Structure formats: structure tokens, C-alpha cells
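Heads up: the structure comes next, in C-alpha cells.
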Amino acid sequence: MAVKIRLKRMGKRKQPVYRVVVSDSRKARSGNYIEAIGFYDPRQDPSVVEVENDRAIDWLQKGALIVGGILAVLPGATQLLIGVALIILSLSWQYVTNSRENRRTIKAVG
């Protein structure tokens with residue numbers, strides 16, 4: 001099963017709020033998920049980002065991929081998460097571009 005960390009859109013029309021979730025890659029964007037590990041509210045000034053780093057690191061250790069939506073929307077949170085994971089896991093990271101899906105992911109190698 002390919003597990004990915006991505007954003008799930010919630011909220012009313014034109015008032016988006018996102019959850020950072022761990023889900024199966026075969027599920028829909030706003031479909032069922034395995035675990036919610038944070039949220040993102042772009043309407044606040046400044047934007048509110050909360051991610052449970054310990055749960056995210058646990059999923060990265062299990063082989064979850066970080067999908068391009070989070071890389072584009074939450075660059076600070078993703079860099080923090082990757083930095084902590086690199087320190088804990090001592091892994092090398094590979095930046096993967098999937099041309100078919102036209103998505104960017106970061107994958108742990110080693």
C-alpha cells in the first residue's frame with residue numbers, strides 16, 4: 001500500500017480549510033484517510049499551520065511520501081519536518097518528480 005502525506009480540503013465554498021492527513025494514494029483527495037496529523041488555514045493572517053511532528057516522523061519512518069501539495073503550500077512546515085526526520089533517521093533524501101501525475105514528492109532512501 002502506497003501511503004502519502006497530503007492535504008484534505010474541508011470547509012465551505014470559497015472558505016477552504018485543509019487537514020494534513022496520511023492516506024492511501026489510491027483514495028480520492030477528500031476521501032477516507034488513515035490519520036489526521038495537522039491542519040492548515042490559509043484564510044488567517046498569517047496562515048495557521050499545525051503539524052504533529054512526532055506522528056509525521058513516525059509515518060516517514062514507515063515509508064510515507066510527502067506529496068507536492070504540501071511542498072507547495074507549506075514549505076516551512078515541510079522543511080522543518082524533513083530536517084527533523086534527517087536528524088532522527090540519518091537518511092539521504094531523494095526529490096522525485098513523477099511525470100505521469102506531474103507531482104513532486106520527497107522520498108527517503110537508504
Nearby aspartates and glutamates by direct alpha-carbon distance to Lys27 (threshold 16 angstrom, same-chain neighbours under 8 apart not counted): Glu35, Glu101
When the chain is fully extended, how far beyond the present Cα-Cα distance does Arg43 get from Arg55, taking 0.36 nm per residue of separation? 1.8 nm
Anchor Lys62: lysines whose Cα lies under 16 Å away (excluding residues fewer than 8 positions away in-chain): Lys4, Lys107
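Every number here is computed from the coordinates shown, using simple stated rules; none is lab data. Values in this document were obtained by computation on a predicted structure and should not be read as measured data.
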